[in-house]
Amino acid sequence: MKLCFDGAALKQSLSNRNTNKTVRINSFYACTLLLLIGSIVIFWGLKDVNAQSSQSGQFKVIVQVQNTGNLDEQGALHVAIDGLRDPQTKSGLIFPALQTVSYTFEFSSAQVPVGKGFTAEVIYGDDEIKRALGVNSAANTPETVTLTIP
């Protein structure tokens, strides 16, 4: 046990207590601040995810094939966006005689801005091809293309 009559030990122990209390308060403040920032970051991230999922984000092309002939035709449809390398294809389709059938193709709207062109084609019979060109209009509605065969 250390006895000191000049009061130096008493002052030192009080300052240690104040320092420990200050460190605890600063630590608590830092943890609270980190928790608040983390909550804001997580909330903002979820908000962006919800915003993306609420938008359809799809550009649709409806291709109508009108068979004016007396015989059913079998073939395939292709829709290609100008400047993109991956056209969408639907093959093994039947185009009934004297009827019109419709097929829908979907693309990411990020790849097809307003004003971007596309080509739709039907291949039927002995490699007969019919094509139609279209453009993504400003309206948020699917673009419709009609191809007439034979």
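Worth pointing out:
- Highest average packing first - 66-73, 143-150, Cβ atoms within 10 Å: 143-150, 66-73
- The GluC sites (Glu not before Pro) of segment 105-140 include none that meets both conditions, a loop assignment by DSSP and at most 10 other Cβ atoms within 10 Å of the site Cβ.
- Relative contact order computed over segment 58-150 (Cα-Cα under 8 Å; 6+ residues apart), in percent: 39 percent
- Expressed as a whole percent, the accessible surface of segment 59-150 that belongs to carbon and sulfur atoms is 46, based on a 1.4 Å probe.
The values are calculated or read from the model by the stated rules, or taken from the named source; none is laboratory data. Not measured: the values here are computed from a predicted model. Here the Cβ is made from the backbone with ideal geometry for all residues, glycine too, and neighbour counts use every protein chain on show. Keep in mind that these areas ignore ligands, DNA and RNA; they rest on the heavy atoms of the full protein, side chains included. Shrake-Rupley method; radii C 1.70, N 1.55, O 1.52, S 1.80 Å.
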